[in-house]
1. List the distances, in nm to one decimal, from the label point of residue A:10 to the label points of the same position in every other copy, shortest first, placing each label point 7 Å from Cα along the Cα-to-Cβ direction.
2. What does the C-alpha gyration tensor say about the overall shape of chain B? Classify as rounded when a/c is under 1.5, otherwise prolate if a/b is larger than b/c, or oblate.
3. Given charges of +1 on the Cβ of Lys and Arg and -1 on the Cβ of Asp and Glu, with all other atoms neutral, how large is the dipole of chain A about its Cα centre, in debye to the nearest 20?
4. In terms of the Cα gyration tensor, with a ≥ b ≥ c the square roots of its eigenvalues, is segment A:89-132 rounded because a/c is under 1.5, prolate because a/b exceeds b/c, or oblate?
5. Among the aspartates and glutamates, which fall within straight-line cross-link reach of residue B:157, defined as a Cα-Cα distance under 18 Å, with same-chain neighbours fewer than 8 residues apart omitted?
6. When only Cα pairs under 8 Å and 6 or more residues apart are kept, what is the percent relative contact order across chain B?
7. How far, in whole Å, is the closest Cβ of chain B from the axis that maps B onto A, and which residue does it belong to?
8. Based on other C-beta atoms within 10 Å, arrange B:120, B:7 from fewest to most.
2 protein chains.
Amino acid sequence: LSNHTVIAFDVDLQAIRAEIISMAQLVEQQIAGAAAALVNRDAEIAGSVIAMDVRVNEMLHEIETKVVETVARRQPFAVDLREIIGAFHISHDLERSGDLAKNICKRVMMLDIAIPETLIPNIQSLAMLALRCFRRVLDSYVERDEAKAADVWNSDKEIDEVQNSLFGEVLVCMMSDPRNITSCTHLLFCLKNLERMGDHATNIAESVRFMVKGDRFIGDRPKANEAHPAVMT
Amino acid sequence: LSNHTVIAFDVDLQAIRAEIISMAQLVEQQIAGAAAALVNRDAEIAGSVIAMDVRVNEMLHEIETKVVETVARRQPFAVDLREIIGAFHISHDLERSGDLAKNICKRVMMLDIAIPETLIPNIQSLAMLALRCFRRVLDSYVERDEAKAADVWNSDKEIDEVQNSLFGEVLVCMMSDPRNITSCTHLLFCLKNLERMGDHATNIAESVRFMVKGDRFIGDRPKANEAHPAVMT
């Protein structure tokens, strides 16, 4: 390959990385916003999270186009190809995380979800765990830090555990007073969405590992005991 | 481009198409199996659906590798590029549909879900709608039939409507007898997974349209009125 080709490819890659980081920052705002909207039942924040979705989807398409053009034009192999496949996967995981945040916010806006006060602290913990995972995995992408990615991959278990106990508490609320059933059902789906954000963070961790090392994490993804199998997707 | 290149590219494309069709057939079996396992609470069928997941994931990775290699080697443009991007998206939608089927089966196996008898006919309708959508959209892919794809795209609304009324019925069951709450919660997640399969069928319809016509369906995806917003993702 000529020097010229190599430099052109690097420029393409940098552009893709920069756009993924911008997209990630937007999705991070969506996740933080969804958490706040849910805990405080704040329709205004919810509305702003929903409004961001259009731009996130546009960015996904822009990244996808750049990735495909770059592969076709530069014919990258080995490590460069990994970098670019990783970018493709990460942009999709980001988009779906933003979508989950949007859907939490739609529920918050359309419904008067009366969350039993006793559940608030654990909901807040779950939301903060999801957000922390997400931030940490983005750091691992920016810094190409495979150890940080491994941390995120291992911490998914923690989210599952908080989720498990929270699901149990919500079920108890429903059983103790049937008037809670409708709003608690909505709440269950919101919690499920938070958990799925954690799954996407774990996917991104796997992509980072693959980009940096060219292989996969060893063993099954750590999972909490499924004491409350309502937690399953 | 030389004739040789064009033929080589066609061979690559045919191989990718053939593998997508095999993958789709496997996922179709998973969806049909999940529907049967849920309605009849049949742990044996559930187990066989779960076991198929490994192969489906392998196929996804094989297709992904072929797609990337083909783009890098043949540098396709315009219609060929659309074909290959479409293949990439479709294989991911297939994989996720299979995953949803697997998760329904996990719930069926781990839990003694006692589904209220009155709900069975509507659950069966929903499962059959999802399966029909899925089969139809695969036909549209095989036949490159954009009109059939449009049908599927429009019929997602029907699934949403059945889903809406079913969700209402499940909530009523929960309210009328708190002993139903746990198993009905599991049921809600199973139904949600069926609905999400319908969403993936719609995504595939969009990919087929894009492959055949190079554009997108006009307007918003038809959605039922969200009378029971529990239905939202």
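1. Relative to the other copies, residue A:10 has label-point distances of 4.2 nm.
2. Verdict is prolate for chain B.
3. 140
4. Cα axes put segment A:89-132 in the oblate bin.
5. Answer for residue B:157, where 18 Å is the Cα cut-off: B:195, B:199, B:206, B:220, B:226, listed by chain and number.
6. This gives 25 percent for chain B.
7. Nearest to the symmetry axis by Cβ: B:71, 2.
8. Least crowded to most crowded, the residues run B:7, B:120.
Every number here is computed from the coordinates shown, using simple stated rules; none is lab data. From a predicted model like this one, the values you see are computed outputs, not experimental measurements. All Cβ positions, even for glycine, are placed from backbone atoms using ideal geometry, and neighbour counts span all protein chains on display.
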